[in-house]
Amino acid sequence: MMAFAHNNSWNPESWKNFPAVQQPRYPDAVALEHALGELSQLPPLVTSWEIESLKSQLADAAEGKRFLLQGGDCAEMFDECRSPIIAAKLKILLQMSLVLTHGGGRPVIRVGRFAGQYAKPRSDEFETRGDLKLDSYRGDLVNGLEFHHHTRVPDPHRLIDAYSRSALTLNFIRSLVDGGFADLHHPEYWDLDFVQHSPLRLEYQNITREIGQSLRFMETLAGAPVHEMRRVDFFTSHEGLVLPYEQAQTRQVPHRQGWWDLSTHMPWIGYRTAVPGNAHIEFFRGIQNPVGVKVGSGTTETTLLEIIHALNPTNEPGRLTLIHRFGAHEIAKSLPPLIDAVAKSNARVLWVCDPMHGNTQTVTMNSGPQAGVKVKTRKFAHILAEVEQAFEIHKQKSTVLGGVHFELTGENVTECTGGARGLGDDNLAQAYRSRVDPRLNYEQSLEMAMLVARRLDR
Ligand code: PEP
Ligand code: CO
């Protein structure tokens, strides 16, 4: 076991001395080295000062002074790197953050699962159809979805494509935000077409009207427009799964100590890779970014404390976010002992609830062109029940639930059931588009934000 003990001699490739799971096996080592060489020379996607700003905001969230909203696709797709889709994602996150700010009376930190969420862990390494056994689809960063030998072989060029599309996405987001898209004076800019027909329209419009009135009141008091309200920030996050990709974007920067993973502001370690003594913990312990860790019903107290100790030995505020994802039927049993263990250790963490990944069910489509095909879905009621229990449990334990993490989209998809419009399994075939996990659609996301906002004590 000594060989796997993390010691202090970290460097961006020290993870290679530890067991790494969920890594693509690239058959062409030369092409891989070439792509990584190129990636390591390309400019960074984010900057160290943005990362520091996020870290200090996350430290506030851990104390209940801010609230984290993290959300976006389960997996971004290369061919969805398009302006209407990106704009719709920003709109729904903006609307949700508005509703949460209004309900909670504290600033909301917006962190997208975007501009780099291209890699997926898989339960099975291979997929078999008939006689053909191929690599599982691992996200557009690694291979293609189509069930052909040539698309499923991990392709290093995709590392550059993923970087490029992340850059294009981020460039568009930054331009929209700088151009006044996120101006709180004009929440109507963020309306999506079907808000007009939504059962939640009145409640949402009341909230925006009240915010407009408060803004005008403040401007009357100040005798000038509130310029800070013209711009809000977005941060990026993705699962830091494919370690060579993260390594190639990890740099030192002038005037600051340490190493920075500049592929995203906030990488997180997935549930399947958050294993003490493995390569993911080794890699992420050495970077300065705030890091998230997914925690589930298989995470023991001992495991969690080892992970915390490895990733945040100095107990730095804002460094570590624990994103718990148990499922509505598990959280009451599994979360309290972990909270107790962390509290006893005096570790500073930000607790965040991901009510998506413990609530996935498989159903068979019963109509449409995909009839008979099995798809993953989630029930709105289960998602809500998990968040509500999370608030309750943290309250009982006197800890802070400082944020929520959702898989969602600004599109009108039918992937999760329930919500105000009462989608059922029969509706799934109408617009099921996710290649991996089911997302809340625009209306379900907004409704969820309204229900979560009611739980935020002012
Ligand atoms: C995800 O966030 O898409 C994911 C795979 O989650 P988890 O690691 O919690 O299963
Ligand atoms: Co997912």
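Some points to look at:
- Answer residue from region 44-79, given it is among the charged types (D, E, K, R) and within 16 Å of ligand 1 (Cβ to nearest atom) and is farthest from Phe234 (Cα to Cα) among those: Glu76
- Complete set of residues in region 251-283 that are closer than 20 Å to Leu58 by Cα, free of Cβ contacts under 8 Å to residues at least 40 places away in the same chain and in a strand (DSSP E or B): Asp261, Pro267, Ile269
- Among the residues making up region 396-430, those that are part of a loop (DSSP other than H, G, I, E, B) and under 22 Å from Gly71 (Cα atoms) are Val400, Thr409, Gly410, Glu411, Asn412, Val413, Thr414, Glu415, Cys416, Gly419, Ala420, Arg421.
- Criterion: at pLDDT 95 or above, in a helix (DSSP H, G or I), crowded, with 16+ Cβ neighbours inside 10 Å and out of contact with any strand residue (DSSP E or B) (no Cβ under 7 Å at 6 or more places or on another chain) - qualifying residue of Lys91, Lys55: Lys55
- Contact map, region 24-35: residues that are hydroxyl-bearing (Ser, Thr, Tyr) paired with residues that are surrounded by 14 or more Cβ atoms within 10 Å (Cβ to Cβ) and part of a loop (DSSP other than H, G, I, E, B), Cβ distance under 6 Å, separation 6+ or inter-chain. Pairs shown: Tyr26/Pro154; Tyr26/Pro156.
- Only one of the numbered conditions (1) part of a loop (DSSP other than H, G, I, E, B); (2) of a type outside the set (Ser, Thr, Tyr); (3) within 16 Å of ligand 1 (Cβ to nearest atom); (4) in contact with a Ser or Thr (Cβ under 7 Å, 6 or more places away or on another chain) is not met by Met356, and that is (4).
- Residue count for region 1-29, restricted to those that are modelled with pLDDT of 95 or more and farther than 18 Å from Val242 by Cβ: 2
- In region 105-115 there is no residue that is more than 16 Å from ligand 1 (Cβ to nearest atom) and assigned to a helix (DSSP H, G or I).
- Summed over region 284-310, the residues that are within 16 Å of ligand 1 (Cβ to nearest atom) and part of a helix (DSSP H, G or I) give a count of 4.
- Flag if Ile393 is more than 16 Å from ligand 2 (Cβ to nearest atom), buried (at least 19 other Cβ atoms within 10 Å of the Cβ) and outside any strand (DSSP E or B): yes
- Matching entry among Ser434, Ser445 (being in a helix (DSSP H, G or I) and within 16 Å of ligand 2 (Cβ to nearest atom)): Ser445
The values are calculated or read from the model by the stated rules, or taken from the named source; none is laboratory data. On a predicted model such as this, the values are computed, not experimentally measured, just so you know. Cβ coordinates were reconstructed from backbone atoms using ideal geometry, including for glycine residues, and neighbour counts include every protein chain displayed.
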